[in-house]
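See structure below.
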Amino acid sequence: MRRQSRAVRGWAAVVVAAFSLAAVAGCGGGGGEGATEADEGSLASSVDLSGVEVTVGSKEFTEQVLLGKMLVQTLEAAGATVKDETKLTGTPVVRAALTSGKVDLYYEYTGTGWINILKNTKPVAGSDAQFEAVKKADAKNNIVWLAPAKANNTYALAANQDAVKKYGVKSVSDYAALAKKDPAAANLCTASEFISRDDGLPGVEKTYGFKLPRNQVKQLDFGLVYETVGKGDPCDFAVVFATDGQIVGKKLTVLQDDKGFFPAYNIAVTIRKEVYDKNSADYDKLFTGLSKLLTDKQMSTLNAQIDVDGLPVDKVAEDFLKEKKVI
């Protein structure tokens, strides 16, 4: 308890410093200038948040910034005045911003909330059960978790196109069978952490009943994994994050986790209860409608438009929301 309290105070200090620096640099802020307007018949046009002022946050990496911009534009289109505080650095900073009232809402991952934020040591099996567990536990902190998306940015095994065609692998069970029959063909590229973690390769092997010889496991910097497996040199299989844009860019196939080993990291809006209670029906309507559009494939495609094609994140968010009639 004391350790948690110190951590919270530490996060609060970090977030105050981060916001101070943003103010000095003239960063953050937003709202007002070029506010998004809703098209007739869109989801946002059916909600009236006129007079509501909210602050949206996000972490600093591509998917998080994209999700943050979606929230900003959707809320603006519904009539709210929105302060854009996306691109905060890391989970501790954005979470402290939420609990201290510096931001009112942001998209978080269920597994991150359960393990990293709420300090549980083991994930809850199954996406629905994991969501319900973190939602119930975080209610004690006056944080509300809204309906999750199907998009699940968890670890996954992926294969390049040649390997899929040659070996016919579609699932992790298929991969396990290949590893037992021909370990050299199942060569795997991954970052070092995955090789030893209980929720990494040892756990995959135990769950699926195989043991890949460690001379068939190539340890690489995580940033190089996608490039190498895309080329098939030195590996045809790799450990990836399921919604990474490079999956699309390198034309990789994510293998189905048919025994449900990997922890759930579904994305869901987290919002301060004080803010949520004032317009709960409108927020439920807006963000349930938005989140149900976010699948693994959809997020990988959108992330690729930014990381692979180089499109601006604001434009990618706006084009998607317009196409899906959210705004």
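The values are calculated or read from the model by the stated rules, or taken from the named source; none is laboratory data. Small disclaimer: the values here were computed from a predicted structure and weren't measured. Here the Cβ is made from the backbone with ideal geometry for all residues, glycine too, and neighbour counts use every protein chain on show. We work out accessible area using only protein heavy atoms, side chains counted, and drop any ligands, DNA or RNA first. Shrake-Rupley method; radii C 1.70, N 1.55, O 1.52, S 1.80 Å.
Here are a few things to note about the model shown:
- C-alpha long axis of helix 62-77 to longest principal axis of the chain, angle in °: 30
- GNM top mover of ASP309, ASP221, ASP199 - the chain, alpha-carbon springs below 10 Å: ASP221
- Solvent-accessible surface of segment 199-307, averaged per residue with a 1.4 angstrom probe and all protein chains in place: 44 square angstrom.
- If the segment from LYS231 to ASP309 were pulled out straight at 0.36 nm per residue, it would be longer than the present Cα-Cα gap by 26.2 nm.
- The C-alpha atoms of the chain define a longest principal axis, and helix 2-25 lies at about 70 degrees to it.
- With the alpha-carbon atoms of the chain aligned to their principal axes, the span from lowest to highest coordinate is 64, 50, 37 Å, starting with the largest.
- Cβ-based charge dipole, the chain, positive-most Cα from LEU157, LEU178, THR243: LEU178
- In this Cβ point-charge picture (+1 for Lys and Arg, -1 for Asp and Glu), the chain has a dipole of about 1400 debye about its Cα centre.
- Folded to 0 to 90 degrees: helix 127-138 orientation relative to the chain principal axis, Cα: 40
- Accessible surface of segment 276-327 [probe 1.4 Å, protein heavy atoms]: carbon and sulfur percent: 48
- Packing, as the average of other Cβ atoms within 10 Å across residues, places the peptides 253-264, 160-171 in the order 253-264, 160-171, highest first.
- Radius of gyration and maximum dimension Dmax of segment 64-164, Cα, Å: 15.8, 50
- Calculated [θ] (222 nm, deg cm²/dmol) that DSSP helices of n ≥ 4 give over the chain, each run adding -39,500 (n - 2.57): -13500 deg cm²/dmol
- Carbon-plus-sulfur accessible fraction, segment 84-233 (probe radius 1.4 Å, protein heavy atoms only): 49%.
- Candidate lysines - alpha carbon under 16 Å from LYS206, same-chain residues fewer than 8 apart omitted: LYS180, LYS259
- For segment 190-312, radius of gyration divided by Kirkwood radius, i.e. Rg to Rh on alpha-carbons: 1.07
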